[in-house]
Amino acid sequence: MKRKHALLYLMFLILPWKVFSQAEVYHNPILGGDYPDPTIMREGDDYYMTHSAFDYQPGLTVFHSRDLVHWKPISHALNTYLGSVWAPDITKYKDKYYIYFTVAFPKGRKNYVTYSTSPYGPWSDPVDLKIGNIDPCHVVSEDGSRWMFMSAGKRVRLTDDGLAIVPGTEEVVYQGWQYPNDWVTEGFCLEGPKLKKIGEYYYYLNAEGGTAGPPTSHMITVARSKSINGPWENSPYNPLVHT
């Protein structure tokens, strides 16, 4: 009996290590280099990602993955130099893929979009949306209309083809989550919106506190609403992440 117990004890000691040694592991960073502001969309078992290109050309490299760890570049969505490319948003609407992005000029910022019938390209020439602000995010409302959310809690309606804005529809729809007054930050800096509908709710994520200020300033917050028109209810667990 003692020998049987000893064998069982050894099995329990060895089995976890054996299982762990056979499991697939990975090491951060999964992509070494300059790949800031990643935006990822999922289509079935496939994930597609792009990121801020800044001044690199060709820009808006599109990557493909099946596991969110191993990424392979499959196309470039921007082959024309426009300026410093910031914070894109990749999405699919009906039978087309779209990448909305900001271009920073010496005297201001503008937003553009490029589109394709395949993430492998070819991608269209960039289309000037003729609106300022930064960090565009495409989302479809409950009535099927298309919208682009931007920093500072703003949004603007898009035309049905997603390639232009509807004049006179830009508005502020969200004031952000107010962090405690004694927190040291670079500024309120409500930016980087990402919206996703999960179940009956739209979830509205933003960055706050700035990106270049005190080491404790940067944070991620979330609000939710059953309608894209609000009202937006801030999470009681904000901030989700805080440096």
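The values are calculated or read from the model by the stated rules, or taken from the named source; none is laboratory data. Keep in mind the model is a prediction, meaning the values are calculated, not measured. Quick reminder, even Gly has a Cβ in these numbers, built from the backbone with ideal geometry, and neighbours come from all protein chains shown. These accessible areas exclude ligands, DNA and RNA; they are computed on the full protein's heavy atoms, side chains included. Shrake-Rupley method; radii C 1.70, N 1.55, O 1.52, S 1.80 Å.
Any idea which of 122, 136, 126, 106 is within 29 Å of residue 211 (Cα to Cα), surrounded by fewer than 18 Cβ atoms within 10 Å (Cβ to Cβ) and without any contact (Cβ under 8 Å) to a residue 60 or more places away in the chain?
None of the other options fit; the residue is 106.
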Scanning the range 214-229 residue by residue, those more than 14 Å from residue 190 (Cα to Cα) and surrounded by 14 or more Cβ atoms within 10 Å (Cβ to Cβ) turn out to be 224, 225, 226, 228, 229
When residues of the range 58-80 are limited to those that are within 14 Å of residue 114 (Cβ to Cβ) and open to solvent by 30 Å² or more (accessible area, probe 1.4 Å), the one modelled with the lowest pLDDT
80
Residues of the range 157-204 being small (Gly, Ala, Ser) and touching a residue at least 40 places away in the same chain (Cβ under 8 Å), which ones?
162, 176, 192
Tabulated pairs, the range 223-243, first farther than 17 Å from residue 148 by Cα and of a type in the set (Val, Ile, Thr), second part of a loop (DSSP other than H, G, I, E, B) and open to solvent by 20 Å² or more (accessible area, probe 1.4 Å), C-beta under 8 angstrom, 6+ apart or interchain:
243/215; 243/216; 243/218
Would you please list the contacts, defined by Cβ atoms under 8 Å and residues six or more apart or on different chains, that run from a residue in the range 81-95 that is under 23 Å from residue 196 (Cα atoms) and aromatic (Phe, Trp, Tyr) to a residue that is open to solvent by 10 Å² or more (accessible area, probe 1.4 Å) and not in a loop (DSSP other than H, G, I, E, B)?
86/54; 86/104; 86/109; 93/138; 93/140
